[in-house]
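Working notes, structure below.
The values are calculated or read from the model by the stated rules, or taken from the named source; none is laboratory data. Treat the numbers as computed from the prediction; the structure is a model and nothing was measured. When we count neighbours, we look across all protein chains shown, and the Cβ atoms used for this are built from the backbone with ideal geometry, even at glycine. These accessible areas exclude ligands, DNA and RNA; they are computed on the full protein's heavy atoms, side chains included. Shrake-Rupley method; radii C 1.70, N 1.55, O 1.52, S 1.80 Å.
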Amino acid sequence: AVAMAEGEGLVSVDYEVSGKVQGVFFRKYTQREAKRLGLVGWVQNTSHGTVQGQIQGPTARVRELQEWLRKVGSPQSCISRAEFSNDKEIAALEHKEFQILK
């Protein structure tokens, strides 16, 4: 379990990243970055060439991963757009870890 800072709420955000994001280890790097930040959720490739998923955790950490998804990504990726939706506060984490879904 992740130790939560006092007074820091948890949020859940859905994301979809467009650009050259498939076949460039984007999912693996996203999982690694999420684990480094202590976040839970998932990531998967879509049939239309994007990567999508959900992030949950302390607000500040989630925002960090959103910034990473928008600007950094995996070394060989080329992100054209990162869209976020269903940004909401949650009472508890709904995932146990950060998974790569097939």
| said: Take the residues in segment 56-71 that are touching an Asp or Glu at 6+ places or on another chain (Cβ under 8 Å) and of a type in the set (A, V, I, L, M); name whichever of them is nearest to F98 (Cα to Cα). | reply: L65
| said: Anything in segment 20-39 that is surrounded by 21 or more Cβ atoms within 10 Å (Cβ to Cβ) and either touching a Lys or Arg at 6+ places or on another chain (Cβ under 6 Å) or among the hydrophobic types (A, V, I, L, M, F, W, C) (or both)? List them, or say none. | reply: V21, F26, A34, L39
| query | Would you say R61 is under 21 Å from L93 (Cβ atoms) and without any contact (Cβ under 8 Å) to a residue 24 or more places away in the chain? | reply | no
| message | Being at pLDDT below 95, in contact with a Ser or Thr (Cβ under 9 Å, 6 or more places away or on another chain) and not acidic (D, E) is true for just one of G53, G9, G73. Which residue is that? | response | G9
| request: Output the residue which, of all residues in segment 90-102 that are open to solvent by less than 60 Å² (accessible area, probe 1.4 Å) and not in a loop (DSSP other than H, G, I, E, B), is farthest from G19 (Cα to Cα). | output: I90
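Keeping to segment 40-69, report how many residues are of a type outside the set (S, T, N, Q), surrounded by fewer than 19 Cβ atoms within 10 Å (Cβ to Cβ) and in a strand (DSSP E or B).
Number satisfying all stated conditions: 0.
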| message | Suppose we keep only residues that are part of a loop (DSSP other than H, G, I, E, B) and open to solvent by 80 Å² or more (accessible area, probe 1.4 Å) within segment 73-89. Which one would you say is nearest to R36 (Cα to Cα)? | response | P75
